[in-house]
Amino acid sequence: MRLSTTRLFPLGLMVSLAALTLWLDHAARVEEKPSALRRHDPDYIITDFSTTTYDRSGAAITELAAARMVHFPDDDSTELLAPRVVQAKPDQPRLRVRAERGTLSREGDEVFLYDNVVLVREADEKTPEGRMTTSFLHILRDRALVRTDRPVRFEEPGRTLSGRGMEYHTDTRELTLADDVKGVFEAAAP
């Protein structure tokens with residue numbers, strides 16, 4: 001039997017198509033397996049996490065702690081469980097903040113706190129202890145700024161103040177409420 005090009009061409013075409021199909025099937029299966037960088041898997045988990053920031057003189061100014069810290073390399077995000085922040089600056093009352101959960105910015109200079117956020121400003125010679133509650137708080141540590149866009153409530157002995165949206169400058173103790181501001185101030189005893 002004699003082979004001609006008219007008989008070999010369809011055979012060669014079928015073998016080429018079969019090889020191409022096998023290669024495409026293999027390439028598709030390899031692509032289905034997600035790489036570690038594409039999955040949202042943690043690369044490290046730390047329990048009872050604590051870090052302290054110091055000023056130039058060596059005095060502790062901010063402590064950040066959490067029951068658990070989880071870092072994800074795919075988006076460089078950091079999640080916190082039961083975070084606590086303590087800010088202590090010279091000649092100012094200490095601020096303590098706690099929440100149910102939180103996240104850190106990539107550089108660690110911003111803290112985002114969520115769910116049952118409570119900020120307590122400790123008493124000093126001039127002012128009594130103050131307590132603030134909200135569902136979200138954004139702390140910008142380097143700018144000494146605390147803010148939220150959610151409802152917030154402040155309480156001091158004899159005073160209550162509430163509103164939606166707030167900025168508090170921890171250096172100057174300047175407080176700004178944006179909307180729906182309501183306050184109750186009890187008269188001082190004579």
Below 8 Å, C-alpha to C-alpha, sequence gap of six or more: please give me the relative contact order for the chain in percent. 10
Sorted from largest down, what three extents in whole angstroms do the Cα atoms of region 16-126 have along their principal axes? 87, 33, 20
Compute, for the chain, the length of the dipole vector about the Cα centre, with Cβ point charges of +1 (Lys, Arg) and -1 (Asp, Glu) only. Units Debye, rounded to 20. 700
Charges only on Cβ, +1 for Lys and Arg, -1 for Asp and Glu: so what's the dipole of region 36-87 about the Cα centre, in debye to the nearest 20? 120
As an exercise, take the mean of 1/r over every pair of distinct alpha carbons in region 105-183, invert it, and state the Kirkwood radius in angstroms. 13.0
Please turn the phi angles of region 56-73 into ³J(HN,Hα) values with the Karplus equation 6.51 cos²θ - 1.76 cosθ + 1.60 (θ = phi - 60°), one per residue in order, whole Hz, x for glycine and proline. 5, 7, x, 7, 5, 10, 9, 10, 10, 9, 7, 5, 7, 10, 10, 10, 10, x
Structure-derived Cα Rg over 2.2 N^0.38 Å - corresponding label in (1) 0.97; (2) 1.12; (3) 1.83: (3)
If DNA, RNA and ligands are ignored and the probe is 1.4 Å, what is the ranking of 114, 168 by accessible area, most exposed first? 114, 168
Lys/Arg +1, Asp/Glu -1 at C-beta; region 14-116 dipole; positive extreme among 103, 60, 20: 60
Relative contact order of region 23-136 (C-alpha contacts under 8 Å, at least 6 apart) in percent is 16
Along region 16-24, what does the Karplus equation 6.51 cos²θ - 1.76 cosθ + 1.60 (θ = phi - 60°) give for ³J(HN,Hα), rounded to whole Hz, x for Gly and Pro? 4, 5, 5, 5, 5, 5, 5, 5, 5
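The values are calculated or read from the model by the stated rules, or taken from the named source; none is laboratory data. Since the structure is predicted, the reported quantities are computational estimates derived from the model, not experimental observations. Positions of Cβ are generated from backbone atoms using ideal geometry, with glycine treated the same way; all protein chains shown enter the neighbour counts. Remember, those area values only see protein heavy atoms, side chains included, never the ligands or the DNA or RNA. Shrake-Rupley method; radii C 1.70, N 1.55, O 1.52, S 1.80 Å.
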